[in-house]
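Values in this text are rule-based calculations from the coordinates and carry no lab data. Only a predicted model underlies this, so the values are computations on that prediction, with no experimental measurement involved. Using ideal geometry, Cβ is built from the backbone for each residue, glycine included, and neighbour counts are taken over all protein chains shown.
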Amino acid sequence: MKKALLFILIIGFAAAASAQQYKWVDQDGKVRYGDVPPPGVKATRMKPPASGSAPSAPASAAQKDSGAKALSPEAAFRKRQEDADKERDKQAKVEQEKVENAENCARAQGALRALESGQRIARTDAKGERYYLEDAQIAQEAAKARESVKEWCK
């Protein structure tokens, strides 16, 4: 029971401490403080709001130092969106290149396996007639296939 009461008191004090504090002068000329000023009185805030504009100040100072003009929040948002889109496009392009390289690597390895299998290799000439490669031709194509494997399968 005592722990619950102590917890409630701590929460109450924390809420009061986090409330906005104002300073004003009443009709008698006395300085008063409170979280809600009376209506019709000119009151000044004692501490900045909790949302805090302090973190944005260094960013705008950095922009002024770099020579760039300050952007409105909407323009800054659009710029961040454009930058994110460009980054996503760049990542998609990199992924596409990886996929293409993997496919080319698989093709080159398949061609090399076929040439090194010891079977007869047939090709078709410009007239559409089939001819078989001789051992020297197979060795030349196997060398080319090894180069392709080195190029694509890094």
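Full extension of the chain between residue 7 and residue 114 gives 30.7 nm of extra length, using 0.36 nm per residue less the Cα-Cα distance.
Could you sort 128-136, 75-83 so that the peptide with the highest average Cβ count within 10 Å comes first and the rest follow in order? Intermediate values should be presented prior to the final figure.
Working: 128-136: 9.2, 75-83: 11.0.
Ranking, from highest mean packing down: 75-83, 128-136.
With charges set only on the Cβ (+1 for Lys and Arg, -1 for Asp and Glu), what does the dipole of the range 72-154 come to about its Cα centre, in debye to the nearest 20? List each step's numbers first, then the result.
Numbers: 18 positive and 18 negative charges, 16 e Å.
Once rounded to the nearest 20, the dipole reads 80 debye.
Note on residue 84 and residue 97: their simple-model spin labels are 2.5 nm apart, each label 7 Å out from Cα toward Cβ. Residues whose amide H falls under 5 Å from that of residue 32, counting only those 5 or more places apart or on a different chain, are 24, 25, 26, with hydrogens built in the peptide plane. In this rough spin-label picture, where each label sits 7 Å from Cα along the Cβ direction, the residue 107-residue 35 distance is 7.2 nm. The Rg/Rh ratio of the range 72-154, with Rg taken over Cα atoms and Rh as the Kirkwood radius over Cα pairs, comes to 1.39.
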